[in-house]
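Notes for the one structure printed next.
The values are calculated or read from the model by the stated rules, or taken from the named source; none is laboratory data. All values reported here derive from a predicted model rather than from experimental measurement. Cβ: placed from backbone, ideal geometry, glycine included. Neighbour counts: every protein chain shown. When the accessible area is computed, the model is the full protein with side chains, heavy atoms only, and any ligands, DNA or RNA have been set aside. Shrake-Rupley method; radii C 1.70, N 1.55, O 1.52, S 1.80 Å.
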2 protein chains.
Amino acid sequence: MATMQRMQTTGLELFYAKGYYDTSIDDILKKLHLSKGAFYYHFDSKEDFFVQIIQNLLARKIYSTLIEPIEGHDNPLTLITKCFDDAMETAVHNELDYGCILSNFITEFNGKNDIIMRHLNEIVTVWEVNLVTALQKGKFNGYLDRHVDCEAAATFLMSSYFGVRTLMTSAAPAAKKYRFMSQLRQYFKSIESKVIS
Amino acid sequence: MATMQRMQTTGLELFYAKGYYDTSIDDILKKLHLSKGAFYYHFDSKEDFFVQIIQNLLARKIYSTLIEPIEGHDNPLTLITKCFDDAMETAVHNELDYGCILSNFITEFNGKNDIIMRHLNEIVTVWEVNLVTALQKGKFNGYLDRHVDCEAAATFLMSSYFGVRTLMTSAAPAAKKYRFMSQLRQYFKSIESKVIS
DNA sequence: GGTAAATCCGACCATATGGTCTGTATATAG
DNA sequence: CTATATACAGACCATATGGTCGGATTTACC
């Protein structure tokens, strides 16, 4: 693998585990047995480095785990349930889980770095749009009750997912997941179509 | 006000706004026109300082905004609704909102500082216990459906609140709040007692 | 008023960090 | 074979940070 890509991969790993401000460039270079010269040959600054990571790795990761799985013509509530279940199962099996990457970075950069925040918010928006679209399609196809506010449901889903991933890092992730999923299904039952097809 | 308390108050302000690792002791001292000597006379280290802030300020803050308001013998779903609404309203009106303090610190310290994480988890547990208790009492008093899993509901509520506070920092906090509350009520409607009293 | 404890000052230190710069090995092109 | 761009090494720099320490000042108490 090219040096530049190895730097980005290792960079994301460490930024996710230790946070952006608490991860030095030397930390990343040490792990890869590379030098300062190599880093500043490929990137302008630490911030530029992180922005590229967001666009090249983070955005794709979010897409593959949270957006792509909910595309399709099936019942969106079923798709979202499975999507969240899978994502949380990965976290449960992960020895060292640090929560949702996207949520963590938003927390870290909020009010500190507007440039990076714009990039992160862009990903959030893409996720939101896809969620709303999926729910609206589900409403059109008769899976959701016609009174459901899809924007509101999307916000609620994003919130709960961000939050539970944070909570899971504290203690008993498997139990937290189980409890969360049970109430997610409860909520979904309340917004699904009442017409018995 | 005593110097020690002023340090803690200003410390919490800055730690909340900029994060623990990105706030230097000099930042705090500069704002208070105090010296290093004053700081290390009152506190052993930056970590000790933060632990005391958690116990003296953060724990009380969480208690007064998220726990105390849901105590009582009324319908817990009504109490929680109002509690969340009030807390989010404060955030909306706050020019610079940085999300839920507790959630932010958990994100920042997770996997980095076990000592501080223990103190933060303690607060989470207290909140959780009080939520579960309130819900169980509500079930006993006929406000909640008797099939409701109160532990699961508490986890779901904590998750969604943590998450929405993070989301609100990104954009359109007022809209996010409105949407969130509408779906919270939707969820509550699905777990309230079905018996018409 | 003298003494001692409490409170605070600020110079200083070791270390870490983002970033710069010069040099060097390799590869590619003419 | 030479020249030139690519890709990386590593010494170096300015600055920042957590923490130390001797001393000055204020307060409390007899």
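Details
- The set of residues from segment B:1-41 being surrounded by 14 or more Cβ atoms within 10 Å (Cβ to Cβ) and part of a loop (DSSP other than H, G, I, E, B) comprises B:Gly19, B:Tyr20, B:Tyr21, B:Asp22, B:Thr23, B:Leu34.
- No other residue among A:Lys61, A:Lys82 is of a type in the set (Lys, Arg) and under 25 Å from A:Gln8 (Cα atoms) apart from A:Lys61.
- Looking at A:Asp44, A:Asp74, A:Asp48, just one residue is assigned to a helix (DSSP H, G or I), over 17 Å from the mean Cα position of the chain (by Cα) and surrounded by fewer than 17 Cβ atoms within 10 Å (Cβ to Cβ), and that residue is A:Asp48.
- Subset of segment B:6-49 that is among the polar types (S, T, N, Q) and within 9 Å of DNA strand D (Cβ to nearest atom) - its residue that is nearest to B:Glu108 (Cα to Cα): B:Thr23
- Which numbered condition A:Val129 misses (of (1) more than 10 Å from every other protein chain (Cβ to nearest Cβ); (2) on the phi > 0 side of the Ramachandran plot): (2)
- The C-beta contact set for segment A:1-15 (first residue more than 14 Å from chain B (Cβ to nearest Cβ), second residue more than 16 Å from DNA strand C (Cβ to nearest atom) and outside any helix (DSSP H, G or I), distance under 9 angstrom, 6+ apart or interchain) comprises A:Thr9/A:Met1.
- Segment A:151-197 - residue that is in a loop (DSSP other than H, G, I, E, B) and facing chain B (nearest Cβ under 7 Å) and, of those, modelled with the highest pLDDT: A:Thr169
- Matching residues in segment A:88-112 - criterion: being within 11 Å of A:Thr169 (Cα to Cα), open to solvent by 20 Å² or more (accessible area, probe 1.4 Å) and more than 9 Å from chain B (Cβ to nearest Cβ): A:Val92, A:Asn94, A:Glu95
- Meets criteria (touching a residue at least 12 places away in the same chain (Cβ under 8 Å), open to solvent by less than 80 Å² (accessible area, probe 1.4 Å) and within 14 Å of chain A (Cβ to nearest Cβ)) for B:Leu57: no
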